[in-house]
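Student: Before I ask anything, here is the structure I am working with.
The values are calculated or read from the model by the stated rules, or taken from the named source; none is laboratory data. Being a predicted model, the structure only gives us computed values, none of them experimental. Glycine also receives a Cβ, built like all others from the backbone with ideal geometry; neighbour counts cover every protein chain displayed.
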Amino acid sequence: MVELSDQKIKDVIHVGNEKFVPLITKEQIEKRVKELGEEISRDYKGKLPIFIGILNGSFIFMSDLIKNISINCEIDFFKLSSYGEQKISSGKVKLLKELNADINDRHIIIVEDIVDSGLSIDYIEKLISNFTPASMKVVSLLVKPNSLKYNVEINYIGFEIPDKFVIGYGLDYAQKYRNLNSIYVLSEE
Ligand code: PRP
């Protein structure tokens, strides 16, 4: 579990009356993404996996992750939305983009930026159950273990984080701040 107290506060981002402080640095992200890439490359040696990013949030992690994959692979994307402009999930998932690839008989790796309640992954698992992939695993850069409400298995986890709202490195607040290269957490001070 990443604790805020472990980090040196270098920078603060103000959004209206709210304040976001650093939680995971660019360097920590780079190191962990490299490790995940190496682990997945070892596990899928001799196979041709297809990485399926869940847009929008996963786009930066997906990009960095596959640059650390040393075996042949393919990519595709689903686009989902559940949070809208809010910090709390609407509880309803909308499918905004289908896959282009045929995933039957393929080894698929779902790529998420964050698993919060698990609703999105649960939805994806149900969608995928209409197909017959050779295997399916999930990699998520961030997981909030204390927020999980759905019984989903995350096979590769970058960081476990507290149940607090985070932005940066693909994660948004009302669509903004995805471009930050570190991850920031809403301060309760
Ligand atoms: C975010 C994130 C995950 C999902 C995680 O997506 O990218 O897909 O929420 O939360 P959950 O485990 O409670 O489902 P969001 O709906 O905010 O859309 P975005 O990816 O476009 O930011």
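Student: If you take the residues of segment 114-135 that are of a type in the set (S, T, N, Q) and touching a strand residue (DSSP E or B) at 6+ places or on another chain (Cβ under 8 Å), which of them is modelled with the lowest pLDDT?
Tutor: Applying the filter and picking the extreme gives Ser120.
Student: If we scan segment 24-37, do we find a residue that is closer than 25 Å to Leu65 by Cβ and either at pLDDT below 90 or not in a helix (DSSP H, G or I) (or both)?
Tutor: Yes: segment 24-37 contains one or more residues that are closer than 25 Å to Leu65 by Cβ and either at pLDDT below 90 or not in a helix (DSSP H, G or I) (or both).
Student: Starting from residues that are among the aromatic types (Phe, Trp, Tyr) and under 19 Å from Ile121 (Cβ atoms), keep the ones in segment 32-83 and report whichever is surrounded by the fewest Cβ atoms within 10 Å (Cβ to Cβ).
Tutor: Restricting to residues being among the aromatic types (Phe, Trp, Tyr) and under 19 Å from Ile121 (Cβ atoms), the top hit is Phe59.
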